[in-house]
Amino acid sequence: MYMTNVKNYFDLSASFHQLAKCLSLQKTKMQVKVSKRKKHTDDCFVKEPRKKLAKNFNKHDLFSIRPIVKLILEFYADETSTALVSWLNNPDLLFLVNHASVWKTHVPMLPNNRDTWPAFFDHAAVLFKHITIPSSTYFGATDMKTYGSILGSMRSIYFMECVDVVNVSALGNVHTLNLSHCTNVVDVSALGNVHTLNLSWCTDVVDVSALGNVHALNLRGCTGVVDVSTLGNVHTLNLSWCTNVVDVSALGNVHALNLSYCTDVVDVSALGNLHTLKLSQCTNVVDVSALGNVHTLNLCDCTGVVDVSTLGNVHTLNLSWCTNVVNVSALGNVHALNLAYCTKVVDVSALGNVHTLSLWGCTNVVDVSALGNVHTLYFDK
């Protein structure tokens, strides 16, 4: 252990004594509450924990986190150690005491120093349920052989562009697995039981036939994927930028499907029962008559679409940059309608009951007198 870390460890011990004097020693448990507030990410919403310190707690609980802090001080750089000292001097952040819940939901990062890895992984399965492995560690095939069984017991793993990772067969029981930009991964046949799987930009992946039971599957930019016929039971499926996917007829039971920039997709007639469908930049899609029951439909920049007369029951409809759409008279019951830069649209008199309407860049729309009941109107004239 570095001398600075030893010093910080004693500083932490002093902090424990100082805090224990300031707080009651009556035995109560820490309380950790989960807020209903949500934080937006690219593909989903995740809950943020709200931590609350009980007014009284047992000082032995306070001291019990010493081994964990010591372990962290051994693994990480001095700036992390200093930060821990300042955190623990703040009584409002003493939720760290409850290491059973906090450290098993905290997402530690594998340190770059390989000398610490044996000890790190020796404790990881007990202390952590989630782990991030950055590309700077150069974690590769040999490391996967050594530590794969431990990683396989984790709840979630995020490999940050680990291009040296090849064999992921040990990770089939992980709940949430992110292999984004792991460009040397080819065989994903062992990952069929993963709940949430991100394979975005894994360009060497071709066969995804074993992934039909994955709940949320991100194949964005997997240009080697052609056959998606086995993915019909996936709940949330992202195939954006899968430019070699053509046939999507088997995906009619998917709840939310993203086909943005799948420029070879033509026939979407089987997708009428989806809840959410994104077809942005699917320039070869022409016929959308079967999509009238989709709840949220994004046709942004689908320049081949002309007839939208069957889309009147869609709740949220994005037709921005659909420059060949002219007649929108059937869309009066749409809740939220985006017609931005639909330059051929002229008559919007039938849209008075739309709740939220965007007419940005609709240069030929002049008369908006019928839109007085629209709740939110975006119009640049």
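The values are calculated or read from the model by the stated rules, or taken from the named source; none is laboratory data. Not measured: the values here are computed from a predicted model. Because the Cβ atoms are built from the backbone with ideal geometry, glycine has one as well, and the counts that use them run over all protein chains shown.
Remarks
- Matching entry among 299, 219, 257, 274 (being buried (at least 17 other Cβ atoms within 10 Å of the Cβ) and under 22 Å from residue 340 (Cβ atoms)): 299
- Lone qualifier among 179, 171 - being touching a Leu at 6+ places or on another chain (Cβ under 8 Å) and under 19 Å from residue 236 (Cα atoms): 179
- Note on the stretch 276-322: enclosed strands (runs of 3 or more DSSP E) holding 2 or more residues that are free of Cβ contacts under 8 Å to residues at least 60 places away in the same chain and within 15 Å of residue 248 (Cα to Cα) are 276-278.
- Any hit, the stretch 309-319, residues being over 21 Å from residue 266 (Cβ atoms), modelled with pLDDT of 95 or more and over 30 Å from the mean Cα position of the chain (by Cα): yes
- Scanning the stretch 203-228 for residues that are assigned to a loop (DSSP other than H, G, I, E, B), in contact with a Gly (Cβ under 8 Å, 6 or more places away or on another chain) and among the hydrophobic types (A, V, I, L, M, F, W, C) yields a count of 3.
- Scanning the stretch 186-195 for residues that are surrounded by fewer than 24 Cβ atoms within 10 Å (Cβ to Cβ) and either touching a residue at least 24 places away in the same chain (Cβ under 8 Å) or part of a loop (DSSP other than H, G, I, E, B) (or both) returns 186, 187, 192, 193, 195.
- So residue 278, is it under 30 Å from residue 242 (Cα atoms) and of a type in the set (Lys, Arg): yes
- Scanning the stretch 226-239 for residues that are surrounded by 22 or more Cβ atoms within 10 Å (Cβ to Cβ) and free of Cβ contacts under 8 Å to residues at least 40 places away in the same chain, we see that the one that is farthest from the chain's Cα centre (by Cα) is 228.
- Per the listing 246, 326, the residue uniquely surrounded by fewer than 19 Cβ atoms within 10 Å (Cβ to Cβ), out of contact with any helix residue (DSSP H, G or I) (no Cβ under 6 Å at 6 or more places or on another chain) and within 27 Å of residue 224 (Cα to Cα) is 246.
- Filter result (under 16 Å from residue 186 (Cα atoms) and in contact with a strand residue (DSSP E or B) (Cβ under 6 Å, 6 or more places away or on another chain)) within the stretch 220-236: 220
- Hits in the stretch 236-270 - residues which are closer than 16 Å to residue 298 by Cβ, part of a loop (DSSP other than H, G, I, E, B) and hydroxyl-bearing (Ser, Thr, Tyr): 240, 260, 261, 263
- Among the residues of the stretch 132-151, the one identified as closer than 13 Å to residue 171 by Cα and touching a strand residue (DSSP E or B) at 6+ places or on another chain (Cβ under 8 Å) is 151.
- Residues located in the stretch 177-208, provided they are over 20 Å from the mean Cα position of the chain (by Cα) and small (Gly, Ala, Ser): 189, 190
- Flag not set for residue 210, criterion: of a type in the set (Gly, Ala, Ser), touching a residue at least 40 places away in the same chain (Cβ under 8 Å) and either closer than 22 Å to residue 262 by Cβ or touching a Pro at 6+ places or on another chain (Cβ under 8 Å) (or both).
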